[in-house]
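The next block holds one structure in the form of structure tokens; read it before the comments.
The values are calculated or read from the model by the stated rules, or taken from the named source; none is laboratory data. The model shown is predicted, which means the values in this text are computed figures rather than measured ones. For the accessible areas, the whole protein counts, side chains as well, though only heavy atoms, and no ligand, DNA or RNA atoms are used. Shrake-Rupley method; radii C 1.70, N 1.55, O 1.52, S 1.80 Å.
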Amino acid sequence: MYNVWENILAEIEQKVSPANFSTWFKNTSLLSTKGGAIVIGVKNSFYVKQLRSKFIDIIKDALLKNNIEVNTIDFEVQTSVKPKVRSREVTGTVSADSISSRIKPIKNNIESSAENNGLNSKYTLDNFIIGSNNNVAAAAAKSIIDAPGTRCNPFFLYGGPGLGKTHLVQAIGNELLKRNPNYKILYTPISHFYSDFIDAIQNGKGKEFSRKFEKLDCLIIDDFQFIVNKEKSQEEFFNIFNDLYQLNKQIIVTSDRLPSQIKTVDERLASRLTWAGAFDLQLPKFEDKCAILRAKAELMGADIEPEAIEYIAENVNTNIRDLEGEFSTILLMSEVRGITPLELIENGSVGINKSSKLRPVSSKQVIDKVAKFYDLTVKEMCGKSRVANIKTARQVAMFLLSKELSLSTTKIALEVGVKDHTTVMHGIKKIETDLKLNFVLRDQIEEIKEKIYG
């Protein structure tokens, strides 16, 4: 009995999106391969429908690549399917040694691919949903693909977690390789960069570490914010950056904030990283979230009513990762209950995760929390003072009343004591603009929201 399902899943993982792999393959197991009759264990009948209609060819191809005879593929609903790999039933004249010899090269090939460039082939521009929250960054990404090293170089991409930074930059790398298979690319999180650098220094291989970057055509650094307090690593990265830039090699860096907002980052390095500007990924708006969910439904071949999509989009207010997670949960629960997603929602049988759903609050609560956060009385904040900190607090209150409670600008004007709705429109626009670059303000608003909904 030998475990090969893990290797089969590794093959499948290279062919499907991360969301599809997590949703449809994570909790499966290989029950039997006897006589070429493949039996795969799944959690429920919904899995059977999706796997058979959407992924049967991919599954068959992965089985054949593992030298498993395939005559038929069936699925068996298990009351408790373990995520852990089940054992393969060895049949025929296949020896244990021959199986082991086939399994090992598959694993090594995967590791070798990861060591070569670090890219995950599942991240593509085709499955990156473009909306008003990311269209500028996506356009920049396409210009890089058309002319790497000349446009948007360096490309600095920033935004909160779960908004698609890693997806977009890896999609750039994958598209560059698609157009030129000989293109030399390295994708690495900054934590791996400095841990590898430290290991090289300790082992007297500092020059070898530097040399591996010399022949690159494109360097992609992820999660740059974690470089804080790493002075030697910053210096090494600074030198590598300069060398690549002088040779017109493409440099791509992601972070959760601008370099200038990261404490202890060298000013010279911070300046260089944004030479070509900085591009941000923002929280998706309602229409963007609906588009993302419709695309996901189409990709999965799932039937879900427009009203159900709108419910999820309206209630998940964190990030795209949470949005897709709630979507998958509702689909699975609807199948288990034997009702449609909309019926599931209308019956009150599903509730959005507390971390994603914001409980109802009043305008008075919002105004009180904002005033208290800025150490003001409500009377002071809603008065006519033009003092900078009071004016900012008032505009933050306008912004939150608009975004969180969806109040009209006329109603907001009455709530915060300003003259008319045009003042409110200006205040909201001011905060929206400042949020793109002012991470202190962004953190303040998140803290206020926690106090409001806590």
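Restricting the calculation to Cα atoms, every distinct pair contributes to the Kirkwood radius of the chain, found to be 25.3 Å.
Cα centroid separation, the stretch 369-397 to the stretch 7-40: 57 Å. The share of accessible area on the chain that comes from carbon and sulfur is 49 percent, using a 1.4 angstrom probe. Its residues counted as N, the stretch 219-300 yields a C-alpha radius of gyration over 2.2 N^0.38 Å of 1.43. Per residue of the chain, the DSSP helices (runs of n ≥ 4 H) give a summed -39500 (n - 2.57) that works out to -17000 deg cm²/dmol at 222 nm.
Once the Kirkwood radius over Cα pairs is known for the stretch 205-342, the Stokes-Einstein relation at 37 °C and 0.692 mPa s delivers a diffusion coefficient of 178 µm²/s. Listed values for the stretch 310-319 are Karplus-derived 3J(HN,Hα) couplings in whole Hz (6.51 cos²θ - 1.76 cosθ + 1.60, θ = phi - 60°), namely 5, 4, 5, 4, 6, 9, 8, 10, 9, 8, and x replaces Gly and Pro. Pairs 403/436; 26/436; 372/436: which are spaced more than 26 Å apart, C-alpha to C-alpha? Those over the limit are 26/436.
Within the full protein context, the accessible area of residue 442 is estimated at about 60 Å² for a probe radius of 1.4 Å. Over the chain, accessible surface divided per residue gives 51 Å², non-protein components excluded, 1.4 Å probe.
For residue 49, the aspartates and glutamates whose Cα falls under 15 Å of its own Cα, not counting residues fewer than eight places away in the same chain, are 57, 74, 76, 298, 303, 335.
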